[in-house]
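Inspection log for the structure reproduced underneath, given as structure tokens.
Derivation of every value follows stated rules applied to the coordinates shown; laboratory data play no part. Since this is a predicted model, take the numbers as computed values, not measurements. So basically every Cβ, Gly included, is an ideal-geometry build from the backbone, and we count neighbours across all protein chains shown.
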Amino acid sequence: MKLAIASGKGGAGKTMVATNLAWTAAQQGVKTAFLDCDVEEPNAALFLKPDIENVIPVHVPKPVINQDVCTHCGLCSDICRYNALAVLSDKVLLFNELCHSCGGCVHVCPEHAIHEEPRLVGHIDAGHAGALKVCTGVLKVGEAIAPPVVKAVKQQAGDETLTILDSPPGTACPAVETVRDADFVLFVAEATPFGRHDLALAIDLAQALKRPFAVMLNRADLDHGETRRWCEENGFRVLAEIDEDRRIAEKCSSGELVVDALPDYREVFTKLLEDVVAAAEITTNERVQG
Amino acid sequence: MKPTELVVISGKGGTGKTSLVAAFATLAAECVLADCDVDASNLHLIHHSELVLREPFSGRVRASIDPDRCTDCGICEAMCRFDAILPTGGNGSSMAFHPTVNPHLCEGCGVCAWFCPEKAIDLYDGEDGHVLLSKTRCGPMVHARLGVAGENSGKLVGLVREQARELATMRELDTILIDGSPGIGCPVIASLTGADMALIVTEPSVSGMHDLKRIAELADGFGIPTLVAVNRWDVNPQLADEIETLAKEQGLEFAGRIRYDNAFSRAQLEGKSVLDIESNGLADDIRQVWSVIHARLDGMNQPEAL
Ligand code: SF4
Ligand code: SF4
Ligand code: SF4
Ligand code: SF4
């Protein structure tokens, strides 16, 4: 089962929830993989502290132009909708950072003057923390386009019973790439007006991609139950709540897992894991039957 | 004169960047606010803004297949590198049925339309969000709302910046305060492009440290003066010290520390500025950091002495 942990905005506690859930599952003997898809700011490994066994480079195809064969016909720059190619009178220029690797220019060139070579855009740190498999996607600094790295991290999923995806925050393309084929999405939101606003946007995305989801409220006591009531009124299921607790901020700041450092939270995460797996199984069965 | 643009970024989200920008706006004399966190824009929630103008934005085209012209040859599906085309019957229906495009996955590259032998594919402008102009008590604000799975947030950020610049010039305001995007990808690159100064708001945690290094490296590539402020410093005083040292080692200027106080959240709930809320010295911390930034901005606004 693929479970994505997501949030409308960073800082809601998404990585805290994702790492503690994965750790709880692994300690119960469930074969679990943790995939950090927040490739712009991958932080989960700071908490899970895996031994890295493999560094896997991530490449995208980059067009390379054979200037000797090119007749400067201009077709490649015509098909390119990202202005990544400029055909001059004596050569063709490629602007790497604008290229989306769509392959259009390669196919369109009548002289077969364009072929593709791999270009490095990031890497994956693959390893284990105890029995838990941990793979972290890292986007190279200065690279603008994150989805290819997210895609590569997702391919690291193996035959695990449970795969936890730490999704990038927000609703733009990197989040879409993470959430699009998850079996279930758990949104982590803060009980504040900001939190509610961003949660509403994130839920729109889950609904557009037809993903079943539930909500977990962090710092749930801040607004005296207003966000919880809002969820109930809209029919969004709230699976768990954690109240504001400065101890959590302190433990997280030094890279500790809450379930290890604060044993009183073990029960919360054990129950959340049970509930989210049960909710995901029900919706999966409904979809298979419906 | 060209207005001075200060962009506030954080790498990781949730460091309190937006709340700080709002407080700075209250402290600044008149300025233009630009909310470039287009993915999850919140600045308007603090400033009780009043919407004045709303313009649709299209970040990319999308493909759409005309079932009347399509002959099911399968070329489009084979050529789409983004898995955006579902093959015939691909939506689970067993009935004969043409390929379809998933608009959320389509990157608008147009390759399918170019190569379709029947010319059965049209490209249309997608609705990716809106650029918004609002009035706030601290001056005009340009912000945006990105639609669901909308693209291209980098381009939308560029538009917000451009409109903020026009406004500033028109109203002769010399400072633009930009709430930047999180992360290090295309929207934050677009937030930094053309800015005069960057402020990184970080927090004393292992993740904050990690992200600070990555975002500082990015900002460094733009060659603009970059300041660092540590929010919630007292959650981990030792790491706060390390961040200050790290910042200075990397040639960044240190703008100061702000203590942990849930006054930010209380202010949000009460709909007030954090500066008007009772807190344990938080407001003084913010004023202190702003005075450092303000002095630097003033230096930039003055023409260089010859
Ligand atoms: S399409 Fe091929 S031949 Fe024409 S300009 Fe491009 S590279 Fe040169
Ligand atoms: S691969 Fe696509 S995006 Fe890249 S240069 Fe060629 S046509 Fe443009
Ligand atoms: S390439 Fe054109 S004709 Fe062929 S399946 Fe696609 S839309 Fe239909
Ligand atoms: S425009 Fe490009 S991304 Fe969209 S469906 Fe066609 S080939 Fe795929």
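Need the list of lysines near B:K248 for cross-linking: C-alpha distance under 17 angstrom, and skip anything on the same chain fewer than eight residues off.
B:K213
Taking every Cα atom in region B:198-250, find the radius of gyration and the maximum pairwise distance Dmax, and write them in Å.
So, for region B:198-250, Rg and Dmax equal 10.4, 31 Å respectively.
May I ask for the equivalent-ellipsoid semi-axes of region A:67-112, computed as the square root of five times each C-alpha gyration tensor eigenvalue and listed largest first in whole Å?
Value: 16, 12, 8 Å, ordered largest first.
Could you give the angle, 0 to 90 degrees to the nearest 10, between helix B:282-301's Cα long axis and the longest principal axis of the Cα atoms of chain B?
The angle comes out near 80 degrees.
DSSP beta bridges in the protein assembly as shown, what fraction antiparallel, as a percent rounded to 5?
If I count the DSSP bridges inside the protein assembly as shown, around 45 percent turn out antiparallel.
Would you calculate a helix-derived [θ] at 222 nm for chain A, using -39,500 (n - 2.57) for each DSSP H run of n ≥ 4 and dividing by the full residue count, to the nearest 500?
-10500 deg cm²/dmol
Sequence neighbours fewer than 8 away in the same chain don't count; with that in mind, list the lysines whose C-alpha is under 30 Å from A:K271.
Within the straight-line cut-off, A:K271 pairs with A:K2, A:K9, A:K14, A:K31, A:K49, A:K133, A:K154, A:K210, A:K251, B:K12.
Above 48 angstrom, tally the Cα pairs of the protein assembly as shown and express them as a % of all pairs, no decimals.
12 percent
In angstroms, what radius of gyration and Dmax does chain B have, counting Cα atoms only?
So, for chain B, Rg and Dmax equal 23.0, 79 Å respectively.
Jot down the per residue volume, in cubic angstrom and as a whole number, of the convex hull over the alpha-carbon atoms of region B:196-306.
Cα-based convex hull of region B:196-306, divided per residue, equals 122 Å³.
Starting from the Cα coordinates of region A:1-154, work out the convex hull volume and express it per residue in Å³.
131 Å³
Could you work out the helix-only [θ] at 222 nm for chain B, with each DSSP H run of four or more residues adding -39,500 (n - 2.57) and the total divided by the number of residues, to the nearest 500 deg cm²/dmol?
So the helix-based figure for chain B works out to -10500 deg cm²/dmol.
Show me A:160-172, A:61-73, A:143-155, B:262-274 ranked by packing, highest mean number of other Cβ atoms within 10 Å first.
A:160-172, A:143-155, B:262-274, A:61-73
Report, largest value first, the span of the C-alpha coordinates of region A:233-290 along each principal axis, in whole Å.
Principal axes ranked by extent give 46, 26, 17 Å for the Cα atoms.
Using the scaling law 2.2 N^0.38 Å as the reference, what is the normalised Cα Rg of chain A?
Output field value: 1.16.
If I build a Gaussian network model for chain A, linking alpha-carbon pairs within less than 10 angstrom, which residue out of A:G235, A:G127, A:G195 has the largest mean-square fluctuation?
Answer for the Gaussian network model of chain A: A:G235.
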